[in-house]
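Notes for the one structure printed next.
The values are calculated or read from the model by the stated rules, or taken from the named source; none is laboratory data. A quick note: this is a predicted structure, and the numbers were derived from the prediction, not measured. Heads up, the Cβs are rebuilt from the backbone with ideal geometry, glycines too, and the neighbour counts pull from every protein chain shown. We work out accessible area using only protein heavy atoms, side chains counted, and drop any ligands, DNA or RNA first. Shrake-Rupley method; radii C 1.70, N 1.55, O 1.52, S 1.80 Å.
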Amino acid sequence: MVEPVAVSIAGTVVSKLLEQVMEATKIAISCNESCKVLHALLKGLQPLVDLAVRQISQSNSDNALESPRSAVHCWLDEIEGTLKRAAGEVNKCIKKQPDLNPLSRYNTGRRILDVTNSVNKLLEQAGVVVLAVTLSESSRAKNIEKMMQEHREMMQKLHEMIQEEHEMLEQHEMRENLRATTQQIEFANFTQECLQQNYRTSSVQRITSALKSAFCNLFPLRPSDNMSRVDTGASSSSSCPRELLVNEDAHKLTDIQQVEQPVIGLDNLTMRLQQSITSSSVDSEPRCVGVWGMGGAGKTLLAKIAYNSRQVREHFKGGELIWLTVSQTPNIEELYDSFCRQLGLKEMRVADLGEYRTRLYNEFLSRRVFLVLDDVWNQRVLEQLDLAKGPGSVTLVTTRNQPVLEKAGVIDEDEVQVGVLSKEHSWQLFYVHAFPRGISNIHFELEGVAKLVADECKGLPLALKVIGASMVGKTMPPEWEFQLTCLRESRQLPEKQEEEELFGRLKLSYDNLDIDNPISKECFLAFAAFPEDSVVRREQLIKLWKPQGLLDDPTRSLYFCVGLLIARSLIELVYTGVNSFACKVHDVMRDLALHIIGGQKPITCLYQPGKNLVEFPGDWIRTYETHPCEVRKLSLMENDLTTLNGVTFFAPKLEVLLLARNEKLEAMPEQFLKGIENLKVLDLCKCRKLKSLPREIGNLRQLTYLDLCWCNNMTKVPKSIGYLQSLQWLSLEDCYNLKYLPSTMGDLKSLQYLSLKHPTVNGLWGKWSKKLYGQAFRHICQLTTLTNLRIQGGYTCDIVELCDQLSKLVNLKSFRISHFYKLGTLPDAIQSMVCLEEIWVAFCTQIKILPSCIPLFSKLKVLKLDTLSSLESLPALNTLKLLSTLEIIQCKLIKKLPDSFTSSDAFPSLKKLDCSCSGLVEFPEVEDGAMPKLQRLYLNQTNIKSLPDTLIYLKNLKVVHICHDDLCKKFENTWLSGKFKVGR
């Protein structure tokens, strides 16, 4: 039997707790609207709890009430537990009131709603409990009935309120998802616009900074005060002095190394290194200087500053400057080829590397060279590359291993050790990356904990940069305190060595990608599939990411992920010299990716790229002979595999197989393919000795990407390729000896991208009978799902009679045709390609006019006409409302642009206009309203003597590239002053 006193005390406790929670929910309503329903339910619960407590206290110890009294006690216990849960959630909500993270707000609302449902259930039981307590009081029966009716009505209203709250939360979730999606699209579009510019080396840092700033502005995860922008140049005392760097015309020099700004804390080391490099005379003995330090300390940065500096370039004036990035497992032959290119020599085709080295050594003996060997790992590699032994030559070696410098003969005075930054410089570098919008107005409490986080980076520049960038947008001290705890925990693990400790710190930036976009974590890890120091192009990323489901859309999500990883300093944007962006990852960050992959269970990635392997790794085969294989991605790129004969590797879940640049690989045996029949990506690019594919290739029914470009010895494609019904992307680019395309090519019902560039001379479009390449062209034109077609012909090719079949390609969005020297015009058949967004026509030197249908392509965004030396006139293209890029390059018979090009309302979307034609002598008058979005105008290599005054109507122009200074003099006192650049 439960004592009435105990029940009464329990009821009193519940009453007080209820009052406290009601007061808290009243406050919390302003934090989260989910508390509104909870507060209403608690108000409804209060009179029932008061009634239950009063009834119990009046009942004393009547035996008839023993059972109801027990039910009341249990009910009050449930209420007490629920109220404690409610108090915890509501107090959390009040405590984190400034937290405006949509995901956190949504999760908090869900938890409060769970508590609300629990209270609602207790309310549903309340009527039964009260009825049981008061059943014996018949005189109050009418009151009870009335109370129960009111209770039922109240419960109905509360049910309706809860339903409304559910709907509100769902709508809120949809709104937040829509908002996040909109922000991602906006950031992706901004990234795409930045990366599609025709940028140069000097622009890379500007673009990187713009991406970081845009990311911070679009994704302010927390509210922040108005912050002034930080001067990313820090100060003259903390950044590299401007006079030590080559002047602002550096973008005109092809050998300038990209240097990320700001450069902090390297002043003394920079001056010391430059003094060592320039201390010898023109005819002195060749010598070596060295820079060493741990990974991520700034060795390469220091070497780049020295390489770019005016002092060093003046010292080696008349000589040669050569830069080689060596890496841990270098391809010596490719590095020798790079020597030749930078010395202006033809690559030497010799069978023996020793002979190659001897020839280069003799070549260097007659030259004065400043040679940089960056990232040398061992003495054996140094011996193969230390060739600059002409009079006055200097070799700069950077390495993690100091004994390498001893082997190079570097004396103590010429040896520079790059250590960690001072506490002051560490903070300067950290806040530039953590607070791109400035720190002048951040709360002192946040600044204090941010400095502690910076301290945990232990002065290592790479860690300061990466961890700082991972904290962008976090302005609440608790978030920083949590990250500080994580950093300290990673440091305190006793078994970790120096490198492991560094990984523990850098992994924080990887973990934080969960907040931005969890998919981007997989995108980052994919960079480990490429060899060290690889420059990874856009096409390679799409090929690797899309089949894995990492990209919902092949361009938009790509640009979002790339922009995000750049903004978070996990990868770097690099200059490639072409109109396409590329990325690379610092070798320490690549090691971090491998470290993370190695710790995953089960192992899903096997990566051994660029390891000079001559056979398939035996330990992989042995491991998965006895254990289930969960591997989904495998990379053996850039090795020396000669054969896969006899290799049995059963990996039923393998989706990605990267074997590119195994230049000695001669065959893909059918036995090997039997164990990987769920493959989605097969990359055999630059497997130059590969002669054919086995017919079993047709069993890879899930294959979506097949890259066979630069398979120079391949002569035919097997008929079984027609079974690849999932194939979307096929490159046969630069397959010089390809003579045959099977008729089954027309069965590839999912194919969207096809490249047949360079199959010339003895190849597909070559001197063989018209019947052969006619059949090939007909097969191509059966692929009605194609959206991207690139074909290139040759001097002996004439496809005029076959062009009419192009009319079948009604879904084509991108059409690139080049080097068809006998092609007199583009066929009218292309007018059926109503979906075209991009047209490239290049080196078709007999084309005199363009089809009249081109101005009718309402979706066209890019039109590029390159080296059409017979082209005499241009159609009225100004009506193309979506055209954003128009290039008319080296069309020497074009003397004037049509007046319609600059008429009012012409080209409403055009952002880039390139008219670099040597025959162009006049630029037309510009009407107000013409080309309202034009940002970049190229008039290089023209014979224009004067520009019209009306050029000022192009109000969004950012830069005009001109051939000589005289063209800009008349605009000196206008807003266009300073927009002109001479040369490209």
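For ASP640 and PHE482, what does the FRET efficiency come to when R0 = 41 Å and r is the distance between their Cβ atoms, rounded to the nearest 0.05? Walk me through the intermediate numbers first.
Working: r = 47 Å, r/R0 = 1.15.
The calculated FRET efficiency here is 0.30.
Binning every alpha carbon pair distance of the stretch 797-897 at 10 Å from zero, what are the percents per bin?
16, 51, 31, 2
Just to verify a number: FRET efficiency for GLN782 and ARG341, C-beta to C-beta distance, R0 = 35 Å, to 0.05? Please report the intermediate quantities before stating the final value.
Values: r = 42 Å, r/R0 = 1.20.
The formula returns an efficiency of 0.25 here.
Ordering ASP828, ASP866 by how much accessible area each has at a 1.4 Å probe, largest first, what is the list?
In descending accessible area the options line up as ASP828, ASP866.
Run the numbers for ASN117 and ARG359: contour at 0.36 nm per residue of separation, minus the present Cα-Cα distance, in nm.
78.8 nm
Nothing charged except the Cβ atoms of Lys and Arg (+1) and of Asp and Glu (-1): what's the magnitude of the dipole of the stretch 778-930 about its Cα centre? Round to the nearest 20 debye.
With only Lys, Arg, Asp and Glu charged at Cβ, the dipole is about 560 debye.
Under a point spin-label approximation (7 Å from Cα along Cα-to-Cβ), what is the SER279-ASP77 distance to one decimal in nm?
Going by the 7 Å Cα→Cβ label model, 8.5 nm.
Mind jotting down a quarter of the surface of the convex hull over the alpha carbons of the stretch 252-394, in square nanometres, one decimal?
Taking a quarter of the hull surface, the average projection is 9.0 nm².
Suppose accessible area is computed on protein heavy atoms with a 1.4 Å probe; arrange TRP620, TRP710 from highest to lowest. Don't skip to the end; give the middle numbers.
Numbers: TRP620 20, TRP710 70 Å².
Final ranking, largest accessible area leading: TRP710, TRP620.
Find, to one decimal place in angstroms, the Kirkwood hydrodynamic radius of the stretch 371-430, where the mean of 1/r is taken over every pair of different Cα atoms and then inverted.
13.2 Å
If eta is 1.002 mPa s and T is 20 °C, what Stokes-Einstein diffusion coefficient results for the stretch 847-901, Kirkwood Rh from Cα pairs, in µm²/s? Mind showing how you got there, number by number?
Working: Rh = 11.6 Å.
Translational diffusion coefficient: 184 µm²/s.
Provide the per-residue ³J(HN,Hα) series for the stretch 344-357, in order, calculated from phi with Karplus coefficients 6.51, -1.76, 1.60 and θ = phi - 60°, each as a whole number of Hz, with x at glycine and proline positions.
x, 9, 6, 4, 8, 8, 10, 6, 10, 5, x, 5, 4, 4
Just to check I understand the Karplus step: with θ = phi - 60° and J = 6.51 cos²θ - 1.76 cosθ + 1.60, what whole-Hz values come out for the stretch 868-874, glycine and proline as x?
For the stretch 868-874, the Karplus curve yields 9, 5, 9, 5, 9, 8, 10 Hz.
If you split all Cα-Cα distances of the stretch 287-363 into 5 Å bins from zero, what percentages do you get per bin, shortest first?
3, 12, 19, 20, 20, 15, 9, 2, 0
For the stretch 832-874, what relative contact order do you get, as a whole percent, if you take Cα pairs closer than 8 Å and at least 6 residues apart?
55 percent
Among the lysines, which fall within straight-line cross-link reach of LYS749, defined as a Cα-Cα distance under 20 Å, with same-chain neighbours fewer than 8 residues apart omitted?
LYS543, LYS546, LYS680, LYS719, LYS808, LYS813
Report, by chain and number, residues whose modeled amide H sits under 5 Å from the one on VAL289, excluding near sequence neighbours (fewer than 5 apart, same chain).
Distant-sequence amide H within range of VAL289: THR395, LEU396, VAL397.
Just list whichever of LYS407/LYS465; LYS859/LYS911; LYS521/LYS584; LYS299/LYS465; LYS861/LYS945; LYS465/LYS979 have alpha carbons separated by over 23 Å in the model shown.
LYS407/LYS465; LYS861/LYS945; LYS465/LYS979
What Kirkwood hydrodynamic radius do you get for the stretch 353-454 when you take the inverse of the mean 1/r over all pairs of distinct Cα atoms, in Å?
Taking the inverse mean of 1/r over all distinct Cα pairs, the stretch 353-454 comes out at 17.3 Å.
Mind checking the full-extension length gain between GLN379 and GLU193? Use 0.36 nm per residue of separation minus the Cα-Cα distance, one decimal, nm.
Answer, rounded to one decimal: 62.5 nm.
Can you compute the modelled spin-label distance between GLU413 and ALA351, with each label point 7 Å from Cα toward Cβ, in nm?
About 4.9 nm, to one decimal.
Report, to one decimal in Å, the Kirkwood hydrodynamic radius for the stretch 873-963 based on all distinct Cα pairs.
Here the Kirkwood hydrodynamic radius works out to 12.8 Å.
Grab the Cα-Cα distance for GLN671 and SER909, subtract it from 0.36 nm times how many residues apart they are, and report the gain in nm with one decimal.
Gain in length upon complete extension: 80.3 nm.
Consider all pairwise Cα distances in the stretch 565-669 and report the whole-number % of them above 22 Å.
Here the long-distance tail beyond 22 Å is 43 percent of all Cα pairs in the stretch 565-669.
Got a sec to turn the phi values of the stretch 559-565 into Karplus ³J(HN,Hα) couplings, 6.51 cos²θ - 1.76 cosθ + 1.60 with θ = phi - 60°, whole Hz, x for Gly and Pro?
5, 5, 5, 5, x, 5, 5
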